[in-house]
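Remarks on the structure that follows.
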Amino acid sequence: MSKPEEKNAPAKYLYYDYHNGHIAREEVGNSYCASNRFEFYIDGKWINDYDLSLSLSDATMCVLGYSMFDYEELTEEEAMRRISESDNK
């Protein structure tokens, strides 16, 4: 794939449910620092939340009292279903 084609390719994401209800996404291959690693679906849009991003980053690395039990990996379809359910409440 040439460089221009790579720039036009849609981003691919990994999805997580953090602390039962905070749906997060992480761009595959990103090199962001922990505070910008994740975006969270809050109030109908994807935003970076500094504290949540740091906490989820710590959980994925099992450091500072966080563990793999603090989050659940989701498929894109499951993440979108949960978002749709929360938007309809």
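The values are calculated or read from the model by the stated rules, or taken from the named source; none is laboratory data. Computed from a prediction, not measured in an experiment: that's the story for all the values here. Backbone-built Cβ (ideal geometry, glycine too); neighbour counts: all protein chains shown. Quick note on the areas: whole protein, heavy atoms, side chains included, nothing else; ligands and nucleic acids left out. Shrake-Rupley method; radii C 1.70, N 1.55, O 1.52, S 1.80 Å.
Brief remarks follow.
- For region 18-38, the set of residues classified as in contact (Cβ under 8 Å) with a residue 24 or more places away in the chain and either out of contact with any strand residue (DSSP E or B) (no Cβ under 9 Å at 6 or more places or on another chain) or crowded, with 17+ Cβ neighbours inside 10 Å (or both) consists of 18, 21, 22, 23, 24, 25, 34, listed by residue number.
- Residue check, residue 41 open to solvent by 40 Å² or more (accessible area, probe 1.4 Å), modelled with pLDDT of 90 or more and outside any loop (DSSP other than H, G, I, E, B): yes
- Pairs linking a residue in region 47-67 that is closer than 13 Å to residue 16 by Cβ to a residue that is part of a helix (DSSP H, G or I) and open to solvent by less than 70 Å² (accessible area, probe 1.4 Å), with Cβ atoms under 7 Å and 6 or more positions apart or on different chains, are 53/34; 53/35; 57/34; 59/70; 66/55; 66/58; 66/59.
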